[in-house]
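The values are calculated or read from the model by the stated rules, or taken from the named source; none is laboratory data. If you're wondering where the values come from, they're calculated on a predicted model, not measured in any experiment. Heads up, the Cβs are rebuilt from the backbone with ideal geometry, glycines too, and the neighbour counts pull from every protein chain shown. Just the protein is used for accessible areas: all its heavy atoms, side chains included, with ligands, DNA and RNA removed. Shrake-Rupley method; radii C 1.70, N 1.55, O 1.52, S 1.80 Å.
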Amino acid sequence: MKTVVFKIEGMNCSGCANTIKTLVEGEPGVQLATVSFDDGQARILYDPNIVTEDRLVSAVQKPGFRVVERL
């Protein structure tokens, strides 16, 4: 398992964070996602043998949010 943290722009409320959490956790190989509106970031625990970081970025950006940094 691997953990990645994305800095995200475009979240306006905790509802946005919940949307991102739902989308990311729907990806195969994702075990857990915590998304913080206050911190502007998502922490994702995933299996790199099943899903790529780029696919996770795409899931976050699909509804119009922007991943500006990977930590």
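Here are a few things to note about the model shown:
- Some residue of the stretch 38-45 being in contact with a Ser or Thr (Cβ under 6 Å, 6 or more places away or on another chain), open to solvent by 80 Å² or more (accessible area, probe 1.4 Å) and within 14 Å of LYS2 (Cα to Cα): yes
- Qualifying positions in the stretch 1-25 - without any contact (Cβ under 8 Å) to a residue 12 or more places away in the chain and of a type in the set (Asp, Glu): GLU25
- Residue under evaluation PRO28, criteria (1) exposed (fewer than 13 other Cβ atoms within 10 Å of the Cβ); (2) in contact (Cβ under 8 Å) with a residue 24 or more places away in the chain, criterion not met: (2)
- Selection status of THR34, polar (S, T, N, Q) and assigned to a strand (DSSP E or B): yes
- When residues of the stretch 10-25 are limited to those that are touching a helix residue (DSSP H, G or I) at 6+ places or on another chain (Cβ under 8 Å) and hydrophobic (A, V, I, L, M, F, W, C), the one surrounded by the most Cβ atoms within 10 Å (Cβ to Cβ): ILE20
- Selection from the stretch 46-71 of residues that are assigned to a helix (DSSP H, G or I), open to solvent by 60 Å² or more (accessible area, probe 1.4 Å) and closer than 21 Å to SER14 by Cβ: GLN61
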